[in-house]
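The values are calculated or read from the model by the stated rules, or taken from the named source; none is laboratory data. What you see is a predicted model; the values in this text were computed from it and never measured. Counting neighbours? That spans all protein chains shown, and the Cβs are built from the backbone with ideal geometry, glycine included.
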Amino acid sequence: MKKRVYLLLIFLSCSVILFGQDRKAKYDVAAFVYPAYASDDPRLRPFWPMGIGEWETVMTMQKRNPGHYWNRKPLWGYINEADPAVMSMEIEQATKHGVNVFIFDWYWFDGRPFMETTLNNGFLKADNVDKMQFYLMWANHDVLNVWDTRLADVKEDNVIWTGKVARQEFEKICKRNIEKYFKHPQYYKIDGKPVFMIYDIPQLIAGLGGVEETAEALKWFKEETRKAGFPGLELQITMWAINMNYSGFDAGKTTNPENAFVKKLGFTSATHYQFAHFTNVNEDYNVIMDAVEKEWARIDSSYDFTYYPHISVGWDNSPRTGKSAVVRNNTPENFEKALRKAKTFVDKHPEQKPLITINSWNEWTETSYLMPCDVYGYGYLNAIKHVFVDEK
């Protein structure tokens, strides 16, 4: 009798283990998070004086542009994403629908972090943070007038904060991120290496003093990550034109200077941030996806670093500026078709991490968001669920 009970316990234990493995997501669906929808962050007030972050731009769109076609409202309301209770709800909804990684846009201006409250106070303090992984995309671009709707249409090259950093500040940033974020148990890794994405390579190079200096700084960053106990650093480049064609790089005799440039700097993988970075987005969504698939094929055949496919929900920047190029026909149904194309790309590359990036969780003012709204409801989230949860 005891032997039969013992065997039953072993069977149940194995069943739990197998069930747990089966429940683990087969694909990593990673949505970019723009951390500007936060209250009680004093550094946001110069751009959005109401104290609710860029929700102000969404909320006041019709007041500023009466009768404009852009008229959307979030079904969850103008929530404070720096509130851990709110973020707990978002994590629950995201993971339920198949989004299991958040890529936080991360900023450093004027010698200190900017827009960190959504990550630090919201996400990392959420009671269910163990359900979701995260990594950082360093948005190291200059800050211009575009966030402030009072000045967004002023055509002047007014740099409020620069994204450039010198070597000493670069090292400060890296050491801080290793300790504060890379060591967090939910930080996303590939082969044990923390993933760190960089948005603007010309800015990085300008701040560090040149290509050679940048390559050396990034090499140092990798070494520091190893010293912290990791097998290395997965440096991820944002794939768009300004990052791939740097005039200061001597390609030598290579047949692919872009590939050589990326490898020189030490990047080992890439993804996109937005379709607007490489194709005409003033077009029908299905036409755009034809261009996207061609771009994936070009990258696949031209580079020997790993590319992770990217899908954007859409593009329409008119909440900030009043006018914009507009992606048309980007319905949840067409978005779902695009997700299937990304899934097929991943399935054809079984040697790499099954990672797909999406713009975005909450880019409301660029009209590229997954969060439910009064136009499509939960349509975009349900599209992800259909492809990556219901059909796994």
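What helices (runs of 4 or more DSSP H) completely inside the range 54-108 contain at least 2 residues that are under 25 Å from residue 310 (Cα atoms) and touching a residue at least 60 places away in the same chain (Cβ under 8 Å)?
Because the criterion is at least 2 residues that are under 25 Å from residue 310 (Cα atoms) and touching a residue at least 60 places away in the same chain (Cβ under 8 Å), the helices (runs of 4 or more DSSP H) in the range 54-108 that meet it are 84-96.
Does any residue of the range 379-386 turn out to be farther than 28 Å from residue 324 by Cβ and either modelled with pLDDT of 95 or more or in contact with an Asp or Glu (Cβ under 7 Å, 6 or more places away or on another chain) (or both)?
Yes; the residues of the range 379-386 include at least one that is farther than 28 Å from residue 324 by Cβ and either modelled with pLDDT of 95 or more or in contact with an Asp or Glu (Cβ under 7 Å, 6 or more places away or on another chain) (or both).
Taking into account only those residues within the range 191-211 that are among the β-branched types (Val, Ile, Thr) and more than 16 Å from the chain's Cα centre (by Cα), which is nearest to residue 235 (Cα to Cα)?
201
Would you confirm, using the coordinates I've provided, whether residue 325 is at negative phi and under 18 Å from the mean Cα position of the chain (by Cα)?
Spelling it out, it is not the case that residue 325 is at negative phi and under 18 Å from the mean Cα position of the chain (by Cα).
More than 30 Å from residue 354 (Cβ to Cβ) and in a helix (DSSP H, G or I): does that describe residue 222?
Taking the combined requirement at face value, the residue does not satisfy it.
Working only within the range 271-302, note down all residues that are aromatic (Phe, Trp, Tyr) and under 20 Å from residue 30 (Cβ atoms).
Listed by number, the residues that qualify are 273, 275, 278, 296.
Return the only residue of 232, 209 being of a type in the set (Gly, Ala, Ser), surrounded by fewer than 20 Cβ atoms within 10 Å (Cβ to Cβ) and over 30 Å from residue 344 (Cβ atoms).
Among 232, 209, only 209 is of a type in the set (Gly, Ala, Ser), surrounded by fewer than 20 Cβ atoms within 10 Å (Cβ to Cβ) and over 30 Å from residue 344 (Cβ atoms).
Determine the pairs where a residue that is over 15 Å from residue 173 (Cα atoms), located within the range 212-224, has a partner that is modelled with pLDDT of 95 or more and crowded, with 18+ Cβ neighbours inside 10 Å with Cβ atoms under 6 Å apart, the partner being 6 or more residues away or on another chain.
Close Cβ pairs satisfying both conditions: 215/265.
What residue, of 305, 278, is among the hydrophobic types (A, V, I, L, M, F, W, C), under 19 Å from residue 200 (Cβ atoms), touching a helix residue (DSSP H, G or I) at 6+ places or on another chain (Cβ under 7 Å) and without any contact (Cβ under 8 Å) to a residue 40 or more places away in the chain?
278
Under the condition of being modelled with pLDDT of 95 or more and β-branched (Val, Ile, Thr), which residue from the range 212-246 is farthest from the chain's Cα centre (by Cα)?
My answer is 214.
Tell me, which strands (runs of 3 or more DSSP E) lie completely within the range 112-216 with 2 or more residues that are touching a helix residue (DSSP H, G or I) at 6+ places or on another chain (Cβ under 7 Å) and within 25 Å of residue 261 (Cα to Cα)?
193-198
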